[in-house]
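The values are calculated or read from the model by the stated rules, or taken from the named source; none is laboratory data. Owing to the predicted nature of the structure, the values given are computational and were not obtained by experimental measurement. Positions of Cβ are generated from backbone atoms using ideal geometry, with glycine treated the same way; all protein chains shown enter the neighbour counts. Keep in mind that these areas ignore ligands, DNA and RNA; they rest on the heavy atoms of the full protein, side chains included. Shrake-Rupley method; radii C 1.70, N 1.55, O 1.52, S 1.80 Å.
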Amino acid sequence: DYDGYQMAGLAAYDFATQQLLFRANDANYGCTDMTYDHSTSTMYGVVCMHGGTKVQNYLAKINLANGQHTKVADLEDKIMAIACSYDGKMYAMGITSNFYRLNKQNGELTLIGNNGENIATDQVQSLEFDHDTNRLYWMAIDSYLMTFYAEVNVQDGSLISYNSTPDNTLLGGIYIPFTSPGSGGQQQMVDVVQNLEAVPDGN
């Protein structure tokens with residue numbers, strides 16, 4: 001992170017055995033935030049440190065098998081948090097509370113709006129979608145060192161709700177389990193499959 005800590009490596013956590021399994025323990029980069037794009041099965045990160053040195057933020061793809069990363073593009077703003085909707089739209093929160101659409105192909109930032117929050121410089125933030133409801137949540141700490149979580153309006157960047165975090169705990173990363181995207185928590189499976197057809201594709 002920006003205080004000089006370096007990424008120890010990419011690890012997978014096994015919930016069954018409660019073991020932390022390193023895929024790579026020699027990664028020489030650090031990210032402000034990471035997000036998984038379900039539409040392309042790709043992990044993305046915003047790299048801010050490389051080889052122990054601060055670098056201009058850039059978007060990167062992260063190989064989940066070996067922890068290595070591939071640079072996509074430099075970012076024009078210092079991005080602290082990113083999140084992908086289930087259909088692959090990427091959003092980003094800048095250090096001054098600017099809320100962007102982020103192009104995954106070329107790193108282009110399109111400003112959607114600013115929520116007006118005065119955020120502590122270079123402190124951890126996190127964005128995460130609830131894929132059941134398509135709502136976006138943001139966790140951060142303000143310039144008074146008070147932590148909060150809020151729902152962000154993806155249309156204009158404004159805050160729909162704002163809540164102080166219990167015990168002033170900074171939530172640096174969050175995951176919201178989901179059943180089926182956009183279903184509001186209800187499975188959208190039909191009882192009986194009908195009119196099923198198969199079409200040869202040449203293979």
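Counting only residues that are of a type outside the set (Gly, Ala, Ser), outside any strand (DSSP E or B) and closer than 20 Å to residue 32 by Cβ, how many does segment 122-145 have?
Residues flagged as of a type outside the set (Gly, Ala, Ser), outside any strand (DSSP E or B) and closer than 20 Å to residue 32 by Cβ within segment 122-145 amount to 5.
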Q.
Can you pull out every residue in segment 170-180 that is more than 17 Å from the chain's Cα centre (by Cα) and loosely packed, with under 12 Cβ neighbours inside 10 Å?
A. none
**Q.** Failed criterion for residue 116 (all others in (1) under 17 Å from the mean Cα position of the chain (by Cα); (2) at pLDDT 90 or above hold)
**A.** (1)
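Using the structure shown, decide if residue 78 is open to solvent by less than 80 Å² (accessible area, probe 1.4 Å), touching a residue at least 60 places away in the same chain (Cβ under 8 Å) and charged (D, E, K, R).
Details: open to solvent by less than 80 Å² (accessible area, probe 1.4 Å): yes; touching a residue at least 60 places away in the same chain (Cβ under 8 Å): no; charged (D, E, K, R): yes.
Here the answer is no, as residue 78 does not meet what is asked.
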**Q.** Inter-residue pairs, beta-carbon under 6 Å, first hydroxyl-bearing (Ser, Thr, Tyr) and in segment 170-191, second at pLDDT below 85 and open to solvent by 50 Å² or more (accessible area, probe 1.4 Å), 6+ apart
**A.** 179/187; 180/187; 180/188
Q. Of all residues in segment 107-121, how many are over 18 Å from residue 74 (Cβ atoms), open to solvent by 70 Å² or more (accessible area, probe 1.4 Å) and part of a strand (DSSP E or B)?
A. 1
Q | Some residue of segment 24-45 being touching a His at 6+ places or on another chain (Cβ under 7 Å) and at pLDDT 90 or above | A | yes
Q) Any idea which of 103, 63 is within 15 Å of the chain's Cα centre (by Cα) and surrounded by 14 or more Cβ atoms within 10 Å (Cβ to Cβ)? A) 103
(Q) Being open to solvent by less than 70 Å² (accessible area, probe 1.4 Å), in contact (Cβ under 8 Å) with a residue 24 or more places away in the chain, closer than 30 Å to residue 13 by Cα and not aliphatic (A, V, I, L, M) narrows it down to one residue among 88, 94; which is it? (A) 88
Q | Candidate set from segment 122-158 (those that are charged (D, E, K, R) and surrounded by fewer than 19 Cβ atoms within 10 Å (Cβ to Cβ)); member that is farthest from residue 173 (Cα to Cα) | A | 156
